[in-house]
Amino acid sequence: MSGRSVRQRGGSAAHRVLVVAHDAMLYGAQISLLDILGRIDKERYEPHVVIPSAGPFTEALRASGIPLTCGVVQRWIFFPKPMTLRAILRRPWRRLNHPYVLAFLSWLSLPFRVIVLVLLMRKQRVDLVYTNTATVLDGALAARLCSIPHVWHLREGVAGNRDLSSPLPLSWLPGFALSHSATVITNSAGLACRLFGNASPPQVKVVHNGIDSAAYLAEQPEPPLPSLVEGTRLAAVCGALQERKDVLTYIRSAARLRDSHPELHHLLIGQGSGDYLARLQNEIDNRGLTDRVHLLGYRSDMPALLSAIDVLVSTAVDEPFGRTLIEAMAAGKPVVSTRSGGPEEIIIHGECGFLAEVGDDAAVAEHLACLLDDAELYAAMGKAARERVLQYFDLDTSVRKIERIFDEALRTSENAPDLTS
């Protein structure tokens, strides 16, 4: 590593880290990245974020004083957008918004974006590139061209992901990540196994997401909620309302409890596409839950909301980690989840929550009823949930692990160029 590519601060060296993000919305991957950048040792690492576009995430970065550049990178895989043939014929330009068209345009412009990124890296005298998603390749390719270390943080399973659409097979991605990275980080052992097989190479490191538990332990203000009668119990699903989250299974479980637990209401917290939201609303109406299920949209007051609910539920088909589960557990709430990957590493079944098989709405309803009907069990599980998060999912612990990975990547990088030349 060239000494000239490291900024001196008060006699100590701060390595410049180019951070590649993929989306301007504030969901799990972006919130976790924001937490990391907020806690990383600024005397040792100086982050600069590149991102496709502006949005709530970039606003949060600016508020935290983290420098960023928009429009330099682009995703190579996109969320599917339902389009009927009739709609396309009426408005042909809509074809340009099809995920396959967007992917083709992204691949076409990839060499030019990489060149621009290389120039930015030379100007910034970057020492290490840290990519926070599988859906952007630009950082890995630019790091290879500059012969500087690349750390790839994979937070999503791409192959088989119902919420991503690609015209190409995706079996090449794990091998590409390994060949273009000093270290590949996954946020759960389940995701590592899914991507790299049962015997993951030593190059792959598992770092569970961590949270600042203090934000959820503190007393919270009462959040704005729909008008509810006294004695109402609240269960909630939180996160992007997408196909992969299988919120329809949750609605079916809510229908099973409609008559036996009339005091129970359900909150769906998060944004979703118009098509999927319409399907959810149709299911809610058909099952007679119109006055019992409330779609709240995106909310920025999650600690207050989690303090107000009784149980958090995840019915995802594929969940690489499950950040909202540990947030609810930090607030002292027991949780119910499907066995969808990451949640199996978070929840000890029968101790701090319950696990059900994917798609089993009857089991989800049974576990919910068990928690609501047994106050002693509810209190014990809530306490155990909080203790588990404090012990195993601490933010500072996660950040220190990532810093050690950065240190190792920088230490073992060979023939690092002098980017000032």
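Read-outs: derived from the displayed coordinates by stated rules, not from any lab. Note that the structure is a prediction, hence the values are computed from the model and not measured. We place every Cβ from the backbone using ideal geometry, glycine too, and count neighbours over all the protein chains shown.
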query = If you take the charge dipole of the chain about its Cα centre, with +1 on Lys and Arg Cβ and -1 on Asp and Glu Cβ, which of Val151, Leu395, Gly332 is farthest toward its positive end?
reply = Val151
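Order the peptides 355-365, 133-143, 23-33 from the highest to the lowest mean number of other Cβ atoms within 10 Å of their residues. Don't skip to the answer; put the middle values down first.
Details: 355-365: 18.5, 133-143: 25.3, 23-33: 20.2.
Descending packing order for the listed peptides: 133-143, 23-33, 355-365.
Given axes a ≥ b ≥ c from the Cα gyration tensor, I'd like to know whether the stretch 289-377 is rounded (a/c under 1.5), prolate (a/b larger than b/c) or oblate.
Values: a/c = 1.22, a/b = 1.15, b/c = 1.06.
Rounded, since a/c falls under 1.5.
Divide by every residue of the chain the summed helix terms, -39500 (n - 2.57) for each DSSP H run of at least 4, and state the resulting mean residue ellipticity at 222 nm, rounded to the nearest 500 deg cm²/dmol. If you can, show how the numbers build up before the last one.
Values: 16 runs with 171 residues, N = 421.
Mean residue ellipticity, 222 nm, calculated: -12000 deg cm²/dmol.
So for the stretch 214-392, averaging the separation of alpha carbon pairs under 8 Å that are six or more residues apart and normalising by length, what relative contact order in percent results? Please report the intermediate quantities before stating the final value.
Details: 315 pairs, mean separation 42.4, N = 179.
Rounded, it is 24 percent for the stretch 214-392.
To the nearest 20 Debye, how big is the dipole of the stretch 272-327 about its Cα centre, given +1 on the beta carbon of each Lys and Arg and -1 on that of each Asp and Glu?
60
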query = Quick one: Tyr216, Tyr378, Tyr250, fewest Cβ neighbours within 10 Å first, how do they rank?
reply = Tyr378, Tyr216, Tyr250
message = Restricting to Cα pairs below 8 Å that are 6+ residues apart, what does the relative contact order work out to for the chain? Please round to a whole percent.
response = 17
key: the chain, dipole about Cα centre (Lys/Arg Cβ +1, Asp/Glu Cβ -1), debye to the nearest 20   = 2080
task = Any chance you could give the angle, 0 to 90 degrees and rounded to 10, that helix 247-256 forms with the longest Cα principal axis of the chain?
result = 20
task = Taking a cut-off of 20 Å between Cα atoms, list the lysines near Lys205, but don't count ones fewer than 8 places away on the same chain.
result = Lys401
query = What ranking of Lys205, Lys123 emerges when the number of other C-beta atoms within 10 Å of each C-beta is taken as an exposure proxy, fewest first?
reply = Lys123, Lys205
inquiry  = Which one, Gly272, Gly341, Gly190, has the greatest fluctuation when you compute a Gaussian network model over the chain with C-alpha springs under 10 angstrom?
reply    = Gly272
ask   = Once both labels are modelled 7 Å past Cα along the beta-carbon direction, what's the Gln271-Glu408 spacing in nm?
value = 3.6
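Compactness ratio of the stretch 214-392: Cα Rg over 2.2 N^0.38 Å, N = residue count? Spell out each step's value before the answer.
On the way: Rg = 14.8 Å, N = 179, 2.2 N^0.38 = 15.8 Å.
Its radius of gyration relative to the 2.2 N^0.38 Å reference: 0.94.
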note = For the stretch 231-244, Karplus-derived ³J(HN,Hα) couplings (6.51, -1.76, 1.60; θ = phi - 60°; whole Hz; x for glycine and proline) come out as x, 5, 9, 10, 10, 9, 10, 9, x, 4, 7, 10, 3, 4
query = Put a dot 7 Å past each Cα toward the Cβ at Leu108 and Arg62; how far apart are the dots in nm?
reply = 3.1
query = By how many degrees, between 0 and 90 and to the nearest 10, does the Cα long axis of helix 375-392 differ from the longest principal axis of the chain?
reply = 0
